[in-house]
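J.: Let me give you the structure first, and then I'll get to my questions.
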Amino acid sequence: MRNSPDISRDDEAQDAGAPTAPRPASAPISSSISPGRRAALYGVLTAAALVCGYLELLIPLPVTVPGVKLGLGNIVILMALERLGAKAGFFLMFIKVIASTLLFANLQMLVFSLAGGLLSWAVMALAVRSGAFSTVATSVLGGIAHNGGQLIAVAALLSGRVALVNMPVLAVSGVLCGAAVGVAARLVLRALPQEAFHG
């Protein structure tokens, strides 16, 4: 069975165990979507991100440090960044943070989630635009940035000491969870045809 034509060569090289080469930056295609289809697509992606966030609550983690999460909702954000562009990724990130906070957390967590989400989005958007990073590497950078953004908010609003104490655990979890999210995003992008993101 042949892979879909949108699979980058670096993914094939990763599967073969060969070193990866920088991939060219994919051009966003959201400008080719009609307004009605764009609204429907964003709605579906937002719902998918929220479902991922709910499923995340059902998966126990061996670490009880606040802020350590799988970040399954970032699968959708990363897909949007790669297929639709930075603006679409920002919109979905913002809506996901707001809705997830209202549904699954409390308003006190909004600042920390938004700080992590903004920094993660910015880093991943730059990585995708550069074309120098694979999907998995981009996700790892995003995971580290997300936890870094949370630590910055903790240091600014609560305690710098608390941020420093939690930094090692959050750094490791950012790498591990980011890699897992990146692998999942790459698999989903392989399964979905390019036509699923534009009309």
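J.: Which residue pairs have Cβ atoms closer than 7 Å, lie 6 or more positions apart in sequence or on different chains, and pair a first residue in the stretch 36-50 that is over 20 Å from residue 185 (Cβ atoms) and free of Cβ contacts under 8 Å to residues at least 12 places away in the same chain with a second residue that is open to solvent by less than 50 Å² (accessible area, probe 1.4 Å) and polar (S, T, N, Q)?
T.: Once the first residue is over 20 Å from residue 185 (Cβ atoms) and free of Cβ contacts under 8 Å to residues at least 12 places away in the same chain and sits in the stretch 36-50, its partners that are open to solvent by less than 50 Å² (accessible area, probe 1.4 Å) and polar (S, T, N, Q) give 38/30.
J.: Next question. From the list 94, 104, 90, which residue is of a type outside the set (Gly, Ala, Ser), modelled with pLDDT of 85 or more and closer than 24 Å to residue 158 by Cα?
T.: Numbers: 104 fails: modelled with pLDDT of 85 or more; 90 fails: closer than 24 Å to residue 158 by Cα.
Matching residue, one of 94, 104, 90: 94.
J.: Out of curiosity, is residue 97 open to solvent by 40 Å² or more (accessible area, probe 1.4 Å), aliphatic (A, V, I, L, M) and without any contact (Cβ under 8 Å) to a residue 60 or more places away in the chain?
T.: On the way: open to solvent by 40 Å² or more (accessible area, probe 1.4 Å): no; aliphatic (A, V, I, L, M): yes; without any contact (Cβ under 8 Å) to a residue 60 or more places away in the chain: yes.
So residue 97 fails the test.
J.: Let me ask you something else. Looking at (1) in contact (Cβ under 8 Å) with a residue 60 or more places away in the chain; (2) within 20 Å of residue 184 (Cβ to Cβ); (3) open to solvent by 50 Å² or more (accessible area, probe 1.4 Å); (4) part of a helix (DSSP H, G or I), find the lone condition where residue 121 falls short.
T.: Result: residue 121 fails condition (1) only.
J.: Then there is this: Can you tell me which of 149, 143 is crowded, with 24+ Cβ neighbours inside 10 Å and closer than 18 Å to residue 49 by Cβ? Even if it seems obvious, please write down each step before you answer.
T.: On the way: 149 fails: crowded, with 24+ Cβ neighbours inside 10 Å.
The match here is 143.
J.: Which members of the stretch 152-199 meet the condition of being of a type in the set (Gly, Ala, Ser), over 17 Å from residue 133 (Cα atoms), open to solvent by 30 Å² or more (accessible area, probe 1.4 Å) and not in a loop (DSSP other than H, G, I, E, B)?
T.: Within the stretch 152-199, 155, 156, 160, 171, 191, 196 meet the criteria.
The values are calculated or read from the model by the stated rules, or taken from the named source; none is laboratory data. Since we're looking at a predicted model, the values are computed, not measured. Neighbour counts are summed over all protein chains in view; Cβ atoms, including those assigned to glycine, are modelled from backbone coordinates with ideal geometry. The accessibility values were calculated without ligands, DNA or RNA, using every heavy atom of the protein model including side chains. Shrake-Rupley method; radii C 1.70, N 1.55, O 1.52, S 1.80 Å.
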